[in-house]
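Below: one structure, written as structure tokens.
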């Protein structure tokens, strides 16, 4: 049974208008595909995190609610539809993320670049945050992304390195750190952000080590939230972390050198993302 601090209710009425807009434009959001508990709150404010490159991920992370399998070819019209939707929703800060596409030659970076370009063409004052997969830490892919000048580049390490084999199959902790190190070297003016889930079986010292690793790699922003299993077939929740412990982690992360940290049970990487600026 979930503790009392995890009793947020989702109102389908709050979601209806934005869902209708997204459906009409043929767009996906991580809010829907990953079953985010904040969807009602965010959709009511006409905020959404766009999920590009389809609904199917080529990796098999055991924590994630997004579908896995063979992905479809990228949709060349998707960037423009997202740009038009950004205008319709009146977004001033937009988050673009994607499924992982290890099947593509460029790992999907081209779709990010085209989406950024399309948004800039319709409104160059919109702040654009990209939440990227690791792109296999490929220098060319990361360079192309950096050249498109998003306002924030985020990449979530998600958990402590000891749990990667069980939780993040196909990912590698050191590779994710390398992503940040490369970006810090080629685009030092773009703030870097990461995210962690708690309650997977990590201990506090392991989390503190991740803080240090991320700061050393160049991260300045961090989100920390409670892991909630999307279904009984996903990795189980090992522990529900109380709000006061999240606050302790926030203070520790700031002491480690982060510029801004959100840490609470319902925090997610793109939740209230505009507040990190």
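Some points to look at:
- Test: residue in the range 21-29 that is without any contact (Cβ under 8 Å) to a residue 60 or more places away in the chain, under 16 Å from residue 97 (Cβ atoms), touching a strand residue (DSSP E or B) at 6+ places or on another chain (Cβ under 7 Å) and not in a loop (DSSP other than H, G, I, E, B): yes
- Put simply, of 87, 82 the only residue that is more than 30 Å from residue 200 (Cα to Cα) and touching a strand residue (DSSP E or B) at 6+ places or on another chain (Cβ under 7 Å) is 82.
- Taking the criterion of being over 13 Å from residue 256 (Cβ atoms), in contact with a helix residue (DSSP H, G or I) (Cβ under 7 Å, 6 or more places away or on another chain) and in contact (Cβ under 8 Å) with a residue 40 or more places away in the chain, the residues of the range 200-225 that qualify are 200, 202, 206.
- Test result for residue 134, crowded, with 20+ Cβ neighbours inside 10 Å, out of contact with any strand residue (DSSP E or B) (no Cβ under 9 Å at 6 or more places or on another chain), modelled with pLDDT of 95 or more and more than 20 Å from residue 274 (Cα to Cα): yes
- Taken over the range 230-263, the residue count meeting the criterion of being within 19 Å of the chain's Cα centre (by Cα), part of a loop (DSSP other than H, G, I, E, B) and either surrounded by fewer than 17 Cβ atoms within 10 Å (Cβ to Cβ) or at positive phi (or both) is 3.
- Exactly one residue out of 145, 200 is assigned to a helix (DSSP H, G or I) and at pLDDT 95 or above: that is 145.
- Of note, residue 162 does not satisfy the criterion of being over 14 Å from the mean Cα position of the chain (by Cα) and part of a loop (DSSP other than H, G, I, E, B).
- Selection within the range 30-58: residues that are assigned to a loop (DSSP other than H, G, I, E, B) and touching a strand residue (DSSP E or B) at 6+ places or on another chain (Cβ under 7 Å). The member of this set that is surrounded by the fewest Cβ atoms within 10 Å (Cβ to Cβ) is 55.
- Some residue of the range 146-159 being surrounded by 14 or more Cβ atoms within 10 Å (Cβ to Cβ), free of Cβ contacts under 8 Å to residues at least 40 places away in the same chain, on the phi < 0 side of the Ramachandran plot and more than 17 Å from the chain's Cα centre (by Cα): yes
The values are calculated or read from the model by the stated rules, or taken from the named source; none is laboratory data. Since the structure is predicted, the reported quantities are computational estimates derived from the model, not experimental observations. Note that each Cβ is placed from the backbone with ideal geometry, even for glycine, and that neighbours are counted across all protein chains shown.
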